[in-house]
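Visitor: My questions will all concern the structure given below.
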Amino acid sequence: MKLPTLLALPLTRYNVSEGHMACPLCQATEYRPLAAIDRRLKRLDQGVCTTCGLVRHVPLPSEAALEQYYASDYRADYHLVFRAPSESKRHKRLAVAKPRLDRIAAFLPAGGRVLDFGCGSGEFIETCNAAGFSAAGFEPGEDYAHYAREERKLEVQTGRWQDVSFEGLFSGITSFHVFEHLVDPCAALERMLTWLEPDGVIYLETPNALRGIERKGFASLHFAHTLGFTRYSMEALGAKVGLTPVAVMDDANIGMIFQRGAARPMEQIFADARAEWAGWTQGKVHAQFPKYLVNKAFGRL
Ligand SMILES: [Zn+2]
């Protein structure tokens, strides 16, 4: 049996050895177990922080271990092969980009400069440019960045947030479905702030961990999502670096537009974040997936 096939087997653990126990948002080590298995039926311990409500792998892989995983097993685990997006896929991605731009555009000056943090194949950048903004991006995935730069002629760097740099500051910085893949979200957001004009805005969007679990239980969890944000843990992330929300989108995804400014007291935000997870034990999360399947089979979803 080939090694990648073996790695994809159910009930085996992911091949990541090194990790740490502290929550990357509040540094507490206590957590409540939420699931011991993920949507591919592989063993994966995930918990919710009993201080700040952030969901995380336990232990959380170190940056080095995660990078090693992405460099080796990620494609095999997720059967990922880069292909230039088809026209229909591109149109779907452009259709998703449009309402995202509509939400942030009200906070941007006409013609303002926008940075997309983790821009994939660049459809949000294209959408911004078409609306008269001047957008750039960066993307750690070499294939995606190359496609955006060479095929779409967009201003896109290949690189990780730790390594890229830009001339001048941006009026708006966006990051869609990136922060759930990180292990140090505070450092990433702090770095983002160094690229932002004093009155600029930051728009973060991730899957909504609570809505996912309410719907599908452990089947909403998977290895590539090292962190799980909700309405209040995302607010807490912003507050940690001096940001306050000016717009909130709370549905299957959690989206928040932030500006620099006085946040609510951290204890208050943490209490709201803990309350979101009231009643969610590992037993309940594990039982939710069969319930989801039954509801789906009987057309109740
Ligand atoms: Zn925490």
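We did not get these values from a lab; they are worked out from the coordinates using the rules stated. Since the model is a prediction, treat every value here as computed from it, not as a measurement. Heads up, the Cβs are rebuilt from the backbone with ideal geometry, glycines too, and the neighbour counts pull from every protein chain shown.
Visitor: Quick check: residue separation of Ala22 and Arg43 times 0.36 nm, minus the Cα distance between them. What number comes out in nm?
Guide: Roughly 5.5 nm would be gained on extension.
Visitor: So how far apart, in nm, are the two label points at Ala271 and Arg32 if each is 7 Å from Cα heading toward Cβ?
Guide: 1.7
Visitor: I would also like to ask the following. Using 0.36 nm per residue, how much length does the chain from Glu142 to Thr50 gain when fully extended, once their Cα-Cα distance is taken away?
Guide: Full extension of this stretch gives 29.4 nm more.
Visitor: HN-Hα J couplings of the stretch 262-276 from phi, Karplus 6.51/-1.76/1.60, θ = phi - 60°, integer Hz, Gly and Pro as x?
Guide: 5, 7, 5, x, 4, 4, 5, 5, 4, 4, 5, 5, 5, 5, 4
Visitor: Once phi is turned into θ = phi - 60°, what whole-Hz ³J(HN,Hα) does the Karplus curve with 6.51, -1.76 and 1.60 give for every residue of the stretch 111-126, x standing for Gly and Pro?
Guide: x, x, 8, 10, 10, 9, 8, x, 8, x, 8, x, 5, 5, 4, 4
Visitor: Check Leu196: other-chain or 5+ apart residues with amide H under 5 Å from its amide H, H built from backbone geometry?
Guide: The answer is Phe170.
Visitor: So for the chain, if I pair up every lysine 8 or more residues apart or on another chain, how many of those pairs have alpha-carbons under 20 Å apart?
Guide: 12
Visitor: Sort out for me the Cα centre separation of the stretch 110-168 from the stretch 285-301, rounded to whole Å.
Guide: A separation of 39 Å, based on Cα centres.
Visitor: Oh, and also: Around Leu115, which amide H atoms from residues at least 5 apart in sequence, or from another chain, sit under 5 Å from its own amide H, with H modelled in the peptide plane?
Guide: Ala136, Gly172, Ile173, Thr174
Visitor: Taking 0.36 nm per intervening residue step and subtracting the Cα-Cα distance, what contour gain separates Arg160 from Ser62 on full extension?
Guide: Result: 33.7 nm gained on full extension.
Visitor: Okay, next question. Taking square-rooted eigenvalues a ≥ b ≥ c of the alpha carbon gyration tensor, is the stretch 137-186 rounded, prolate or oblate, where a/c under 1.5 means rounded and, failing that, a/b exceeding b/c means prolate?
Guide: oblate
Visitor: Net charge near Val58: determine it from the other residues with C-beta under 14 Å of the C-beta of Val58, scoring Lys and Arg +1 and Asp and Glu -1.
Guide: Cβ neighbours under 14 Å give a net charge of 0.
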